[in-house]
There are 4 protein chains.
Amino acid sequence: MRILFLGDVVGRSGRDAVVAGLPGLKSALKADLVVVNGENASHGFGLAPDMARAILAAGADVITLGNHAWDRKEIIPFLEQEPRVIRPANFPPGTPGRGAAVVEVPGNRRALVVNVMGRLFMDALDDPFRAVQAEIQKHRLGAGGTIQASLVDVHAEASSEKSAFGHSFDGLVSLVVGTHTHTPTADHQVLPGGTAYMTDAGMCGDYDSVIGMQKGGAALRFWRKMPGERLAPAEGPATLCGVWVETDDATGLATRIEPVRQGGRLSQALPVV
Amino acid sequence: MRILFLGDVVGRSGRDAVVAGLPGLKSALKADLVVVNGENASHGFGLAPDMARAILAAGADVITLGNHAWDRKEIIPFLEQEPRVIRPANFPPGTPGRGAAVVEVPGNRRALVVNVMGRLFMDALDDPFRAVQAEIQKHRLGAGGTIQASLVDVHAEASSEKSAFGHSFDGLVSLVVGTHTHTPTADHQVLPGGTAYMTDAGMCGDYDSVIGMQKGGAALRFWRKMPGERLAPAEGPATLCGVWVETDDATGLATRIEPVRQGGRLSQALPVV
Amino acid sequence: MRILFLGDVVGRSGRDAVVAGLPGLKSALKADLVVVNGENASHGFGLAPDMARAILAAGADVITLGNHAWDRKEIIPFLEQEPRVIRPANFPPGTPGRGAAVVEVPGNRRALVVNVMGRLFMDALDDPFRAVQAEIQKHRLGAGGTIQASLVDVHAEASSEKSAFGHSFDGLVSLVVGTHTHTPTADHQVLPGGTAYMTDAGMCGDYDSVIGMQKGGAALRFWRKMPGERLAPAEGPATLCGVWVETDDATGLATRIEPVRQGGRLSQALPVV
Amino acid sequence: MRILFLGDVVGRSGRDAVVAGLPGLKSALKADLVVVNGENASHGFGLAPDMARAILAAGADVITLGNHAWDRKEIIPFLEQEPRVIRPANFPPGTPGRGAAVVEVPGNRRALVVNVMGRLFMDALDDPFRAVQAEIQKHRLGAGGTIQASLVDVHAEASSEKSAFGHSFDGLVSLVVGTHTHTPTADHQVLPGGTAYMTDAGMCGDYDSVIGMQKGGAALRFWRKMPGERLAPAEGPATLCGVWVETDDATGLATRIEPVRQGGRLSQALPVV
Ligand SMILES: [Fe+2]
Ligand SMILES: [Fe+2]
Ligand SMILES: [Fe+2]
Ligand SMILES: [Fe+2]
Ligand SMILES: [Fe+2]
Ligand SMILES: [Fe+2]
Ligand SMILES: [Fe+2]
Ligand SMILES: [Fe+2]
């Protein structure tokens, strides 16, 4: 199976790039499954239902979220009715929405997508490691199993926590990919047990910015230490950032992982498929 | 000027790779100035003087440090006598050692290296932004100036803080490069004002690990929440990770930035010089 | 039922004061149940089994712990065999020891003691609120119930989290008392629903110190930002700090709460019983 | 000199109690100098100029602030023109307002009030210890000096940092008193060097609440981990909380420290003057 994952979509710049670019990218990369983190799509804060619909219409099979999941209140009823948009699984019981999705993939296959939030330097949710363990134990991975691929979006700050995720589930899922820092990493690899891993997918947004927000105001906050104007997303052309993974349907494990960076200011990277 | 910067050297694996690989790398990349972050060289924690000497002997002009600066007590007298090894400049007045170094570069040129530590999700040191500002104001950058290039190693956790550094000093220094996450990023770029920027250089260490430490014990800490055995560095072959920058001596600003990844598990990247 | 709770015992000063003073205090206060937080008894870090035995011998029915629970490795086998010494209940499944104890109280009564750790500004354990809920749901409080009193030691940094605990369990337990800041608070009250509450019991230790540790070295850490000498407990006379609560066995709820401060530098407070 | 300090005034409940109660309290306690922390006066967040004027009119000589200093934008021009309202001194250079005030006290005396913010578990401002040191070095304390008393409001989360403040300035100022936790402590004492110390003055607000905010919504946040309704201050009767100190004008050091708690739910405490 070929999987395309795109990191945090930030504001109009990111949304426009995803809506305009995802169909072509999906086709060029022959992606069977597309997952997009959408937690910053709405002016940098949250995901309005209309934007979720636009990203799904552009080719995403699943949208994941993160610490900004609840910034737009309209998301709450939307999450209840749209199983393709998920929020971190390790919110406490009773939280609206779901933390995982199983989607049909062409070729009579199925894939599991789990979203989870780290805890180091972040809010203290439930244990994300046990949350992922609980989700994957509901399924059997590989040929003859209930799913042929599985992907975990670890929305987390600390590289150590994300890396611990990769190794903890190495051999048990197809891909562990981080989000949240809005910075693509260059440490993509297939871990020894067969799980593809990348510490952060990066954002889909304007990289002439402070993690997607207009650089002047965002940088000033570190100098002045007073709340300033509300931050607004940078509006230059976005780089679509993410990762592309090829898996073996027989095992559900990864055979190849490549970075994806298209458009905007960053160095370009596209797997040769 | 051509600058080679290598990120946090972790344990024996990282040290051995630097000592064995740096001479060839320096020569292949025609590097005029080599800076290496050495805060994890000693079994993952700190930098013993002997290891500093070995890294300098292998071709480093300056060694920078970070939050692990003081893990080895012997470093304190060593810092007082060895100006080429610097610790973050934003420790309070009275702290042993120096936060910046000016070094001679072939061709009758000079370069400033500043080391500073971020504060988001880290210990509350003095303001790192004003610390860098104070250091660069002592010099004039470019042809006819007191220095022809300048480099800031921002040892920090948060991508937002590092990015705010890049933009705050865009046009004022040659390179802002981050360290500390032990994960190379793929967002290297020359910012609009002419400063080369990369959120994190990555570590020089074994990437089959949790940020350089043996993966079993390090991952277990996230599951068990009890202190376990003392962490030890992973011992597989290291990837040397860093960044290569070309600057214009007339302005001191960057004309090109490329990632460097050599050896070990990560995808390889070497600028064509 | 009359309950005496003493906060974090720090080092020799605290231990000596508890061993010497607890028998008399228990008798003067006609305490039916005595609980002591012992996480700092061993030179400020952890609780060695011998010290636990000495505190139990002096009259404690239960000893609670906190973030320093594991500082002394010998505690691990000891916790497995000694049900009267408990560690925070919200460590993940598989953690050695227990998070709650039920003890016999004179007059054919029983009491539940739960220990839990907060998460704000502390390590991310499991949800402490649900952990307490799970423990108290195993019991029925009051006359004819399985327990006639219940006490929660909330080992936490933030006053907001401790207060949220008090209100969340108001009417459901006899006493919610905080520990960990090593500073006694003066906000003891019986909440509207009948639960006695005090944000922090304070420590049993020398108050001419920085939260129990020798003041010179401990204060210097805030000035120098370098690791200094290992901190050692202050050795002056201790103030025993805690809280005394009277409950109605019919309901298990509190009728009275009074602070206890005996010896040492602090203003003295002893309920008139 | 007799000093009365009242902790964080929270919302209408706290404001009303201060405006109604401070004149009588000041008179009963024969206070020569009154300082009130007002950072939560405006519906829990910030201090509107009208409320500052009301608190000054009720008898406060100086109003201090904290992390909520900037919640009401109108405070910025107000701080520039009203030297009796101060914000933490360790904001970076260029921050509006002042971090210290010198006020005239009856009997031809003068007193220095400094406000500073801690950094442990809080935003990374400049070093608060050096900030206080810099302020007090501008003055000479005692008979024949430029000031006869001095007071530091340490607005901080961690008891260790506040205690380190007390000891660091023991013998150099009249009073170190903490604010911010909204919980009065019972550890008031005159330190060995002659400085009065209390870890937290507590809030002036309704103590049937979560640190001053309505308890239902505030407690729910710990259970649900989603942003809920905006928090609003609790509206029951307030307890005025603070501390009273007597100093020797010859030395500027303290001879006596007593807690003050008047009205509302907490145990009452008033020094006999
Ligand atoms: Fe994001
Ligand atoms: Fe995020
Ligand atoms: Fe490092
Ligand atoms: Fe580091
Ligand atoms: Fe403790
Ligand atoms: Fe503790
Ligand atoms: Fe406050
Ligand atoms: Fe505050």
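Derivation of every value follows stated rules applied to the coordinates shown; laboratory data play no part. On a predicted model such as this, the values are computed, not experimentally measured, just so you know. A quick note on method: Cβ atoms are made from the backbone with ideal geometry, for glycine too, and the neighbour counts reach across all protein chains shown.
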At a Förster distance of 51 Å, what's the computed FRET efficiency of C:TRP223 paired with A:VAL272, Cβ-Cβ distance as r, to 0.05?
0.35
Inter-copy label distances at D:GLY217 (7 Å, Cα→Cβ; nm, one decimal):
2.5, 4.7, 4.9
Most fluctuating of C:GLY228, C:GLY145, C:GLY217 in the GNM of chain C (C-alpha, under 10 Å) is C:GLY228
Charge context of A:GLY97, other residues only, Cβ under 15 angstrom, K/R +1, D/E -1
-1
Return the whole-Å distance between the Cα centroid of the stretch D:34-100 and the Cα centroid of the stretch A:159-180.
47 Å
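How large is the helix-only mean residue ellipticity at 222 nm for chain D, computed as the sum of -39500 (n - 2.57) over DSSP H runs with n ≥ 4, divided by its residue count, in deg cm²/dmol to the nearest 500?
Working: 6 runs with 63 residues, N = 273.
Mean residue ellipticity at 222 nm (helix-derived): -7000 deg cm²/dmol.
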List the distances, in nm to one decimal, from the label point of C:ARG130 to the label points of the same position in every other copy, shortest first, placing each label point 7 Å from Cα along the Cα-to-Cβ direction.
0.8, 4.5, 4.6
Convex hull over the alpha-carbon atoms of the stretch C:1-124: what's its volume per residue in Å³?
105 Å³
For the stretch C:55-135: rounded, prolate or oblate by the Cα gyration tensor [a/c cutoff 1.5]:
oblate
Given DSSP loops and a limit of at most 13 other Cβ atoms within 10 Å, what is the longest stretch of chain A that contains no such trypsin sites (Lys or Arg not before Pro)?
A:141-229
Given a Förster distance of 35 angstrom, what is the FRET efficiency for A:ALA250 paired with A:ALA28, based on the Cβ-Cβ distance and rounded to 0.05?
0.85
How do D:LEU47, C:LEU4, A:LEU29 rank when sorted from fewest to most other Cβ atoms within 10 Å of their own Cβ?
A:LEU29, C:LEU4, D:LEU47
In debye, nearest 20, what is the charge dipole magnitude of the stretch D:2-262 about its Cα centre with +1 on Lys and Arg Cβ and -1 on Asp and Glu Cβ, if you could check?
200 debye
Quick one: among C:MET117, C:MET51, C:MET226, which has the greatest mean-square fluctuation in a GNM of chain C with alpha-carbon springs under 10 angstrom?
C:MET226
Net charge near B:LYS26 (other residues with Cβ under 12 Å of its Cβ; Lys, Arg +1; Asp, Glu -1) is 0
How large is the dipole of the protein assembly as shown about the Cα centre if only Lys and Arg carry +1 and Asp and Glu carry -1, each at its Cβ, rounded to the nearest 20 debye?
0 debye
Would you mind working out the magnitude of the charge dipole of the stretch C:120-216 relative to its Cα centre, with +1 at each Lys and Arg C-beta and -1 at each Asp and Glu C-beta, to the nearest 20 Debye?
340 debye
Suppose we consider the axis relating copy A to copy C; can you name the residue of A with the nearest Cβ and state that distance in angstrom as an integer?
A:ALA124, 2
If I take all pairs of Cα atoms in the stretch D:2-262, what percentage of them are more than 34 Å from each other?
10 percent
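From the square roots a ≥ b ≥ c of the eigenvalues of the alpha-carbon gyration tensor of the protein assembly as shown, which class results: rounded (a/c under 1.5), prolate (a/b over b/c), or oblate?
prolate
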Relative contact order in percent for chain C (Cα pairs under 8 Å, 6+ apart) equals 19 percent
Using a Gaussian network for chain A with springs between C-alpha atoms less than 10 Å apart, which of these wobbles most: A:ALA158, A:ALA134, A:ALA100?
A:ALA134
Suppose R0 equals 45 Å; then what is the FRET efficiency for D:GLU74 and C:VAL19 from their Cβ-Cβ distance, rounded to the nearest 0.05?
0.20
Can you find, among C:VAL113, C:SER159, C:LEU125, the residue farthest towards the positive end of the dipole of the stretch C:103-164? Put +1 on the C-beta of Lys and Arg, -1 on that of Asp and Glu.
C:VAL113
List the distances, in nm and shortest first, from the label point of A:ILE76 to the matching label points in every other copy, placing each point 7 Å from Cα along the Cα-to-Cβ direction.
3.3, 4.5, 5.5
